[in-house]
1. Looking at (1) out of contact with any helix residue (DSSP H, G or I) (no Cβ under 7 Å at 6 or more places or on another chain); (2) in contact (Cβ under 8 Å) with a residue 40 or more places away in the chain; (3) part of a helix (DSSP H, G or I); (4) surrounded by 14 or more Cβ atoms within 10 Å (Cβ to Cβ), find the lone condition where residue 203 falls short.
2. Among the residues in region 65-77, are any in contact (Cβ under 8 Å) with a residue 40 or more places away in the chain, in a strand (DSSP E or B), in the same structural domain as residue 172 (by TED's automatic domain parsing) and under 19 Å from residue 171 (Cβ atoms)?
3. When the residues of region 92-102 are filtered to those that are among the polar types (S, T, N, Q) and surrounded by 15 or more Cβ atoms within 10 Å (Cβ to Cβ), which remaining residue is farthest from residue 148 (Cα to Cα)?
4. Looking at region 91-108, I want the residues that are free of Cβ contacts under 8 Å to residues at least 60 places away in the same chain and small (Gly, Ala, Ser) and have a partner that is surrounded by 20 or more Cβ atoms within 10 Å (Cβ to Cβ) and in a helix (DSSP H, G or I) with Cβ atoms under 7 Å, at least 6 apart or on another chain. Which pairs are those?
5. Does region 113-139 hold any residues that are surrounded by 16 or more Cβ atoms within 10 Å (Cβ to Cβ) and not in a strand (DSSP E or B), and which are they?
6. Given the criteria polar (S, T, N, Q) and touching a residue at least 60 places away in the same chain (Cβ under 8 Å), does residue 121 qualify?
7. Which of the residues spanning region 103-112 are more than 15 Å from residue 86 (Cβ to Cβ) and either surrounded by 13 or more Cβ atoms within 10 Å (Cβ to Cβ) or not assigned by TED's automatic domain parsing to the domain that holds residue 160 (or both)?
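The values are calculated or read from the model by the stated rules, or taken from the named source; none is laboratory data. Quick caveat, the model's predicted, so the values are computed rather than measured. Here the Cβ positions follow ideal geometry from the backbone for every residue, glycine too, while neighbour counts run over all protein chains shown.
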Amino acid sequence: MNTKLFNRNLSGLIVLLMAISMLTLGACTSQEIQVDDQDQLTDTDEVVQEETPANDEEVMPETLSYTSERWGFSFDYPSELVLVTTYEYQYEDQGHIQLRTQAVNDEIQSGERNEGGESIQLSAYEKPAGTSLLDWARENVGIVNFSEDYQEVTINGVDYLYYNVAGMVNGTDYLTSNGDFVYSFTVLNGSQELEDWFQDVLQSISF
């Protein structure tokens, strides 16, 4: 009788120990899973922290410079604009340099649009000796679309005749002279961004 009771108690003890072992194993496994999940979240947070500054960084445009040896002036322009010098040396008495946005340049290159339109034009013309800037502008109104409704302005030490251009294209023109040349700096059909770039170009011009 005592032996049966002993065996019964022993069996119950074994079952109890097995149950405790299973509970302990389950708790450890759960803890490992939680630790793994925590480690995984930590790694993800680190990646976000590393990548977020890169996404927030603003890429500043590079400033480029160009000098026209033939027409005697230099200027700076942002790298977002495409410099076109096709007509700088094409004529003996005048030269033309253009700054276009990449989108406009691509459309022109593909034949989707004409060369006019939204752009910055930097032109130089030979001026007869002894001719004033105003007289030249009036005599060549068909070339520079000069308007008598002009204003005199000074930008970075350079004196200009400033007026609006209206017609097939709209814009603003700044006329000045230096030595034997008259310079016409114009922004045509410009967006506000292009207008801002144009003002930066004007500020940088030197002779």
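1. Evaluating residue 203 over (1) out of contact with any helix residue (DSSP H, G or I) (no Cβ under 7 Å at 6 or more places or on another chain); (2) in contact (Cβ under 8 Å) with a residue 40 or more places away in the chain; (3) part of a helix (DSSP H, G or I); (4) surrounded by 14 or more Cβ atoms within 10 Å (Cβ to Cβ) leaves (4) as the failure.
2. Checked against the condition, which is being in contact (Cβ under 8 Å) with a residue 40 or more places away in the chain, in a strand (DSSP E or B), in the same structural domain as residue 172 (by TED's automatic domain parsing) and under 19 Å from residue 171 (Cβ atoms), region 65-77 yields at least one hit.
3. Taking region 92-102 as the starting set, the residues that turn out to be among the polar types (S, T, N, Q) are 94, 98, 101-102.
Subset that is surrounded by 15 or more Cβ atoms within 10 Å (Cβ to Cβ): 94, 98, 101.
Details: 94: 23, 98: 25, 101: 31 Å.
Checked region 92-102; the qualifying residue farthest from residue 148 (Cα to Cα) is 101.
4. none
5. Scanning region 113-139 gives 118, 127, 133, 136, 137.
6. Values: polar (S, T, N, Q): yes; touching a residue at least 60 places away in the same chain (Cβ under 8 Å): yes.
Yes: the conditions hold for residue 121.
7. Quick first cut of region 103-112, residues more than 15 Å from residue 86 (Cβ to Cβ) only: 103, 106-107, 110-112.
106, 107, listed by residue number.
Each row is one residue, and each column tells you yes or no for (1) touching a Leu at 6+ places or on another chain (Cβ under 6 Å); (2) at pLDDT 95 or above; (3) within 23 Å of residue 197 (Cα to Cα).
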residue	(1), (2), (3)
67	no, yes, yes
76	no, yes, yes
103	no, no, yes
112	no, no, no
